[in-house]
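Undergrad: One structure coming up, written as structure tokens, with questions to follow.
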Amino acid sequence: MTRFLFVVPPLVGHTNPLVGVADELTRRGHRVAWAGYPDQIRRLAGEDTEVFETQMPDAGLTRGPKLTGPAAFQFLWEEFFFPLAGLMAPGVDAAVREFGPDVIVSDQHAVAGALVAERHGIPYVTSVTTSAELTDPLSSMPKVEAWLQGLFRSLREQFGDPEHSTDPRYSPHGIVAFTGRALLGDTPLPNDHVQLVGPAIAPRAAQSGFPFAELDPQRRKVLVTLGTANVDAGERFLGEAVTALDGLRETVQGIVVDPGGLLAERPGGIPSSVLVREYVPQLDLLPHLDAVVCHGGHNTVCESLYHGVPLVLAPIRDDQPIVSGQVVDAGAGIRVRFNRVDAPRLAKAIESVLDPSEGYKAAAEAAAGSFRSAGGVTAAADHLDSVAARTANVQAAG
């Protein structure tokens, strides 16, 4: 039996891909514990999940959608990921001492896991939940890259091992990336230890019911979602989406996710042609869908393409413009401007991706084949097993 400690930030999209991997490792007879935000981890992975609590920010990540490019990247690290590492490190260290992991699986943006692992001499594997930072986005920004490496040196002085100099976002022991060549194309990878396993498609803890009986078999189904981290930015866009979908009601049934209740005050209310829900079971719903309109979040994109569903992409910030560009390059979607698109233009984009003659559906199905062959949860667990076995062999030889 191997003990795996998963270290994750308080972000749903960074936790969900590892839930199925944890279940698979447990099924194989290993023991898995988590370090992070207990309420969120247990909500996603199950109430019986073993979690070691780490300190978290008092408030979530808040910033305007107009922050883009290098400024957005620097903001994320300086204002969120960097202080998050300092907050999480004592809890991760305590988890290591109490749980005694053989391998640490550290999210790419929860670098406390990687740096604490270095200090304790424990091999760690990086979990990568976006293809954006596998494409070397800082190659044209050497000053930003130097600035980031300076942050990492500072963190190592505080709670890591200053003798190490590798980038903690890319473990030399192994990297499990929940993406694939369908998005990356021929882009070179950061090192030879990257395993592209595709999206992690696995059962998730049930959170609420969905009226599947209300889905109309005579109309094509289109989902609109902006993910879980963009509630503050979506009111105008969701309103335009409802109008666009209502205009297509003769042939399209729209499903809109509104976790913040932003549409409650929409003038004229919600038309009966559109289903608006606070939450949808996305993986269960995807086999019923014909298109997805989203913000370009990596999990939503990969899960949609895994099911052969083309996309309309309205990136807001962070890695979303890069991921959206990858989808467009693959021919599986259309990009619109989040802050400027109106209902007529959004309706036109939806009609285009639904039109088989446009080729978006065929490209999405090609991506589905690529993702399915990558192995998903099973391939990720296999890689973690191999790292653990290699470590055990080294220890036995020593």
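No lab work stands behind these numbers, since they all come straight from the coordinates. All values derive from a computational prediction rather than experimental measurement. In this analysis, Cβ positions are derived from the backbone assuming ideal geometry, glycine residues included, and neighbour counts consider all displayed protein chains.
Undergrad: Computed FRET efficiency, Cβ-Cβ of Arg31 and Ser373, R0 35 Å: what is it to the nearest 0.05? Don't jump to the answer; show the numbers that get you there.
TA: Details: r = 30 Å, r/R0 = 0.86.
Efficiency computed from Cβ-Cβ geometry: 0.70.
Undergrad: For the charge dipole of the chain, defined by +1 on Lys and Arg C-beta atoms and -1 on Asp and Glu C-beta atoms about the Cα centroid, which residue among Val336, Val105, Ser171 has the Cα displaced farthest towards the positive pole?
TA: Val336
Undergrad: Kindly write out, for the stretch 8-22 in residue order, the coupling ³J(HN,Hα) from the Karplus curve 6.51 cos²θ - 1.76 cosθ + 1.60 (θ = phi - 60°), rounded to whole Hz, with x marking Gly and Pro.
TA: Each residue's phi maps through the Karplus curve to give 9, x, x, 10, 4, x, 8, 9, 3, x, 8, 4, x, 5, 4 Hz.
Undergrad: Next question, about the same structure. Check the chain and count each lysine pair with an alpha-carbon distance under 28 angstrom, considering only pairs eight or more places apart or from different chains. Intermediate values should be presented prior to the final figure.
TA: Numbers: Lys66/Lys143; Lys66/Lys348; Lys221/Lys348; Lys221/Lys361; Lys348/Lys361.
Lysine pair count for the chain: 5.
Undergrad: Continuing with the same structure: Using each residue's phi in the stretch 344-353, evaluate 6.51 cos²θ - 1.76 cosθ + 1.60 at θ = phi - 60° and report the 3J(HN,Hα) Karplus result to the nearest Hz, with x for Gly and Pro.
TA: Coupling constants for the stretch 344-353: x, 5, 5, 4, 5, 5, 4, 4, 5, 6 Hz.
Undergrad: Put +1 on the Cβ of every Lys and Arg and -1 on every Asp and Glu Cβ in the chain; which of Val92, Gln326, Gln282 then has its Cα farthest towards the positive end of the dipole?
TA: Of the listed residues, the answer is Gln326.
Undergrad: For the pair Phe82/Ser154, report the inter-label distance in nm, with labels modelled 7 Å from Cα in the Cβ direction.
TA: 0.4
Undergrad: Run the simple label-point estimate for Gln55 and Leu215 please: 7 Å along Cα→C-beta, distance reported in nm.
TA: Result for the modelled spin labels: 4.6 nm.
Undergrad: Then there's this: What ³J(HN,Hα) values, in whole Hz, does the Karplus curve 6.51 cos²θ - 1.76 cosθ + 1.60 give for the stretch 366-381 when θ = phi - 60°, with x put for Gly and Pro?
TA: The phi angles translate into 5, 5, 4, x, 5, 5, 5, 6, 6, x, x, 4, 5, 5, 5, 5 Hz.
Undergrad: Say we join alpha carbon atoms closer than 10 Å with springs in a Gaussian network model of the chain; which of Gly359, Gly20, Gly113 then has the biggest fluctuation?
TA: Greatest mean-square fluctuation among the candidates belongs to Gly359.
Undergrad: Name the residue, out of Asp161, Asp58, Asp186, whose mean-square fluctuation peaks in a Gaussian network model built on the chain with Cα pairs under 10 Å.
TA: Maximum fluctuation in the GNM of the chain, among the listed residues, is at Asp58.
Undergrad: What is the gain in length, in nm to one decimal, between Ser357 and Thr187 on full extension, counting 0.36 nm per residue of separation less the C-alpha to C-alpha distance?
TA: Working: separation 170, 0.36 × 170 = 61.20 nm, distance 2.88 nm.
Stretched fully, the Ser357-Thr187 segment lengthens by 58.3 nm.
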